[in-house]
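One structure below.
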Amino acid sequence: MEREGEQLDPHAGEPLPASDAARLAESLDADENTLRPSFIRRVAEAVEAGDRDAVYALVEPLHPADIADLFELIDEDDRPQLAMLISDLMGGEVLAELNDHVRELLVEALPAETVADFAEQMETDDAVALIEDLDEDDQQAVLAEMEPEDRAAIESALAYPEETAGRLMSRDLIAVPEHLTVGDLIDYLRENAALTAEFWEVFIVDPLHRPLGTCKLSWILRTPRGIALTDVMKRDQTLIPVEMDQEEVALRFQKYALISAAVVDDAGRLVGQITVDDIVHVIQEEAGEDILRLSGAGDGDINEPIHLTIRTRLTWLVVNLGTAVLAASVVGLFQGAIAKFALLAVLMPIVSGMGGNAGTQTLAVIVRALAMNQLTESNTWRMVWREFRIALANGLSLALLIGGAVGLLFGNPLLGAVIGSAMIINNLTAGLAGIAVPVVLDRLKIDPAVSSAVFVTTATDVMGFFSFLGLAVVVGLA
C-alpha cells in the first residue's frame with residue numbers, strides 16, 4: 001500500500017522517497033517526456049557554482065538517454081564540468097546516446113584509461129563509434145588501456161571502411177555447432193555466464209563457422225529438449241556482407257522486416273550481427289543527411305562546431321552565386337526587350353520560381369527513390385515518362401491559370417499566351433531535369449543528394465527566363 005509522502009517507482013516497484021519523486025517529476029515533462037527548461041536552468045546554475053551534490057541529486061534519477069540529452073541542451077562551456085561532477089554516472093550507456101560532436105568534445109577531455117573503461121562497458125558497435133572519431137594517437141592510447149580481447153574486437157572493426165556493416169555490427173552474439181540438441185543449447189546458455197545478456201536468436205554454424213540457420217528464443221523455449229537444432233532452425237536467412245554500405249543494410253532490414261541479421265566475411269564465416277536498434281539510428285541518420293544535403297546545409301547538426309558549419313554552407317552559397325550569375329546573364333541578353341516592355345521584368349520571376357518549385361518536387365521524389373533502391377536501370381525510362389506526363393499536366397494547368405489571369409488583368413491576351421507557354425516549357429524542363437540530374441549523378445557514383453539541387457535550379461532559372469523573354473521577342477511584344 002502506498003504510504004503518505006511516497007510514490008511508487010513504476011520501474012522498480014518500490015516506494016520512491018518524496019524528495020526524489022519530486023525531483024524526477026520536475027525534471028521530465030509529463031506530456032512530452034522531454035527535459036524541462038526550468039530543470040536545465042537549475043542544472044546549469046549548480047554546474048556553474050560547482051555544487052556536486054546538487055548536480056548529482058538532479059541528474060542521478062534520469063535515464064542514460066536523458067542524461068545524454070541534458071549534455072546537448074546545456075551550454076557547451078558547461079559540458080566538461082558537468083561530466084566531471086557526475087563522473088560515476090558517465091557510463092557507456094550515456095556515451096552511446098550522445099550526439100557525435102558532443103561526445104567527441106567530452107572524450108577528448110577525459111583520460112585515456114577512463115575512455116577505455118567506458119568502451120569496455122559498451123557493445124562492440126557502440127565502442128567503435130566512441131573511438132573511431134578520435135585522432136590516431138588518441139585511438140592508440142585508449143586501445144592500449146583496454147583488455148586484449150576487447151581491443152582486438154575494436155581494432156578488427158576499425159579495419160573496415162566507415163559506414164559499412166563491419167563498423168556497424170556487434171561481435172556480441174551466440175553461435176553454436178549444428179550437432180547440438182535444444183536441451184544442449186539451453187544448458188549451454190545457462191552454464192556460461194560470460195555470454196552476451198541480450199540476444200534475440202542463436203546462430204547455428206558449421207565447422208568452418210559459416211551460418212547454417214537461426215533459432216529464435218521462442219522456438220528454443222517451446223521445443224522439447226531432445227529435438228536437434230537442425231530440425232527446428234530457420235535455414236532461410238538474410239546474410240549481410242561485412243563491407244556492405246550501412247544504407248543498403250538498412251534497406252534490407254526494412255524490406256525483410258528483420259530484428260537481427262548475421263554478418264559474414266568474404267569466406268562466408270560469421271563475424272558479427274546487426275540488430276534493429278542500430279538500424280533505427282542509421283535510418284534516422286541517412287534520412288536526415290539526405291534532406292540537409294539537398295539544401296546544402298551539410299550535417300545540419302546544431303552541435304557541430306560553427307567553423308565547420310560556415311565552411312559547408314558557404315561552399316554551396318558560392319556555387320549558387322555562380323548559377324545566379326548564369327541566370328542573370330540570360331536576362332541580360334534581353335535587356336533591350338525588357339526596356340521596351342517593362343512588364344516582362346515583373347512577370348518573369350513567376351515562370352522561373354514555379355519551375356524551381358516543380359523541379360524541387362521531382363528531385364525530392366527521385367532522390368528518395370534512388371536511396372530506397374526503387375529506381376534502377378530497369379525502370380528509369382518508365383519513371384522518365386511518368387514524370388514527363390506529370391510535368392505536362394501541371395504545366396498545362398498552371399498555364400491556364402496564369403495565362404488567363406495575366407490576359408485579363410493587363411488586357412493583353414498575347415502576353416497571357418506567352419507566359420502560359422513559358423510555364424509549360426519550364427515545367428517540362430523541371431520535370432526532366434529533376435529526374436535526369438540525380439540519375440546521371442548516381443550513375444557517376446556521385447551522391448545525388450549533395451549536388452542535384454544546384455543543377456536543377458540552374459536549369460529551371462535559365463530555361464524560365466529564356467523561354468519567357470524569348471517568346472515575348474518572337475511574338476513581337478518587345
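For segment 69-106, name all the residues that are within 13 Å of Ala129 (Cβ to Cβ) and either in contact with a Cys (Cβ under 9 Å, 6 or more places away or on another chain) or of a type in the set (Lys, Arg) (or both). Passing the criteria: only Arg103.
Close Cβ contacts (under 7 Å, 6 or more residues apart or on different chains) running from residues in segment 316-344 that are not assigned by TED's automatic domain parsing to the domain that holds Phe468 to residues that are not hydrophobic (A, V, I, L, M, F, W, C) are absent. Residue-level check: of (1) of a type in the set (A, V, I, L, M, F, W, C); (2) modelled with pLDDT under 90; (3) outside any loop (DSSP other than H, G, I, E, B), Val406 misses just (2).
Out of the residues in segment 62-91 meeting the condition of being among the β-branched types (Val, Ile, Thr) and outside any helix (DSSP H, G or I), tell me which one is surrounded by the most Cβ atoms within 10 Å (Cβ to Cβ). That would be Ile86. Residues that are touching a Gly at 6+ places or on another chain (Cβ under 8 Å) and within 25 Å of Pro413 (Cβ to Cβ) were ranked within segment 310-352; the one that is surrounded by the most Cβ atoms within 10 Å (Cβ to Cβ) is Val351.
Tell me yes or no: at least one residue of segment 154-174 is assigned to a loop (DSSP other than H, G, I, E, B), more than 32 Å from the chain's Cα centre (by Cα) and modelled with pLDDT of 85 or more. No, segment 154-174 has no match at all. Just to verify a result, which residue in segment 358-395, among those that are free of Cβ contacts under 8 Å to residues at least 12 places away in the same chain and of a type in the set (S, T, N, Q), is surrounded by the fewest Cβ atoms within 10 Å (Cβ to Cβ)? Top of the filtered list is Ser378.
Out of Val59, Val94, Val107, which single residue is of a type outside the set (Asp, Glu), more than 30 Å from Val263 (Cα to Cα) and surrounded by 14 or more Cβ atoms within 10 Å (Cβ to Cβ)? Matching residue, one of Val59, Val94, Val107: Val59. Go through the residues of segment 433-451 one by one and say whether even a single one is assigned by TED's automatic domain parsing to the domain that holds Ala339, within 27 Å of the chain's Cα centre (by Cα), of a type in the set (Ser, Thr, Tyr) and in a helix (DSSP H, G or I). Within segment 433-451 (the criterion being assigned by TED's automatic domain parsing to the domain that holds Ala339, within 27 Å of the chain's Cα centre (by Cα), of a type in the set (Ser, Thr, Tyr) and in a helix (DSSP H, G or I)), the answer is yes, since at least one residue qualifies.
For Ser19, state whether it is in a helix (DSSP H, G or I), hydroxyl-bearing (Ser, Thr, Tyr) and either modelled with pLDDT under 55 or within 27 Å of the chain's Cα centre (by Cα) (or both). Considered against the rule, which asks whether it is in a helix (DSSP H, G or I), hydroxyl-bearing (Ser, Thr, Tyr) and either modelled with pLDDT under 55 or within 27 Å of the chain's Cα centre (by Cα) (or both), Ser19 comes out as yes.
The values are calculated or read from the model by the stated rules, or taken from the named source; none is laboratory data. Quick caveat: nothing in here was measured; it's all calculated off a predicted structure. Backbone-built Cβ (ideal geometry, glycine too); neighbour counts: all protein chains shown.
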